[in-house]
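Asks: Can you keep this structure in mind? I'll have questions shortly.
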Amino acid sequence: MAAPPRLHYRSRMNANTMVGELLRDWRRKRRLSQLELACAAEISTRHLSFLETGRSRPSREMILRLAERLAIPLRGRNALLVAAGFAPVYPERRLDDPALEPARRAIDLVLAGHEPYPALAVDRHWTLVAANRAVAPLLEGVATALVQPPVNVLRLSLHPEGLAPRIANLSEWRAHVLERLRQQIEATADDVLEALHAELAALPAPDGYREEAGKAAAYAGVVVPMRLRTPAGVLSFFSTTTVFGTPVDVTLSELAIEAFFPADRATAEALRALADAANAQAGST
């Protein structure tokens with residue numbers, strides 16, 4: 001008669017230990033001491049220690065409070081809740097779900113409104129979700145396999161059969177991309193991004209990569225540009241990233257719009273000329 005309670009107790013302890021280990025891992029990723037996190041969450045250090053070691057079971061509200069202080073992504077917050085035996089709080093819908101239709105319309109409006117400059121939307125793993133008409137002309141000559149869905153835009157950028165041979169400042173751009181990806185991994189603890197970083201870092205590096213990569217970290221300008229060789233000349237771009245401000249859906253929280261702007265007047269004029277030519281051709285058909 002006493003066996004079931006012991007089994008139930010062990011199951012509960014296992015769940016407590018699991019969520020406690022996850023909380024500890026996130027705290028360490030954020031480089032916070034127990035005292036710092038406890039103060040931020042307005043709980044005692046003793047209570048936090050008990051939560052991390054599995055001696056105490058956190059409530060759903062406590063998990064969400066700690067996750068907020070740790071800036072854990074919505075996907076990670078759901079994982080914490082499930083580990084503690086609670087249902088996920090944040091829904092994860094497909095992008096074509098009717099509930100996300102307003103968000104998808106907003107993305108399309110932003111992409112179209114950015115023309116004649118290139119812009120694209122990506123998910124958390126840098127998989128292409130959508131792009132405007134200014135992107136396709138810049139991809140001419142890229143290997144077909146790299147532009148077959150699902151398209152990973154970072155792989156497309158750095159692969160020797162992608163844009164890499166046409167990027168005039170490849171060493172500098174490569175260092176920028178890898179560092180940005182590393183920062184994203186630190187923020188999300190995403191294993192897929194870890195694998196992507198390893199894959200991209202293993203791609204052939206251009207001559208002088210070590211020397212020029214050091215210069216990228218101390219870039220004297222305002223931003224690190226991407227300088228792309230095209231039939232219209234070398235086009236120079238810098239990018240901005242736009243995300244949804246208050247998402248409560250996992251999919252929406254992981255979407256980003258990468259918008260490229262001309263870094264000089266010649267690039268702006270060349271992009272307008274390309275757009276005018278494309279519009280004229282479309283009008284004649």
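Every number here is computed from the coordinates shown, using simple stated rules; none is lab data. Just so it is clear, the model here is predicted, and its values are computed rather than measured. Neighbour counts are summed over all protein chains in view; Cβ atoms, including those assigned to glycine, are modelled from backbone coordinates with ideal geometry.
Asks: So if a site counts as exposed when it's one of the GluC sites (Glu not before Pro), its DSSP state isn't H, G, I, E or B, and it has at most 15 other Cβ atoms within 10 Å, what's the longest stretch of the chain without one?
Replies: The longest such stretch corresponds to 162-285.
Asks: Quick one: go through the stretch 56-76 and flag any residue whose amide nitrogen is under 19 Å from the point 7 Å out along the Cα-to-Cβ line of Ser33.
Replies: In the stretch 56-76, the label zone of Ser33 (backbone N under 19 Å from the point 7 Å along Cα→Cβ) covers 70.
Asks: Can you tell me the orientation of helix 3-29 relative to the chain, as the angle in degrees between its alpha-carbon axis and the longest Cα principal axis, to the nearest 10?
Replies: Around 40 degrees separate the two axes.
Asks: For Phe238 and Ser44, calculate 0.36 nm times their separation in residues minus their Cα-Cα distance, and state this gained length in nm to one decimal.
Replies: 65.2 nm
Asks: On a 0 to 90° scale, report how tilted helix 60-69 is relative to the longest principal axis of the chain, with both axes built from alpha carbons and the result rounded to the nearest 10.
Replies: Roughly 40 degrees, rounded to the nearest 10.
Asks: Still on this structure: Quick query: amide H of Ala168 versus all other amide H atoms, modeled in the peptide plane; which residues come in under 5 Å with a sequence gap of 5 or more or a different chain?
Replies: Amide H neighbours of Ala168, under 5 Å, 5+ apart: Arg227, Leu228, Arg229.
Asks: Starting from the Cα of Ala87, step 7 Å along the direction of its Cβ; do the same at Arg180; then give the gap between the two resulting points in nm.
Replies: So the label points at Ala87 and Arg180 sit 3.9 nm apart.
Asks: Based solely on C-alpha atoms, express the radius of gyration and the Dmax of the chain in angstrom.
Replies: When restricted to Cα atoms, the chain yields Rg and Dmax of 23.4, 85 Å.
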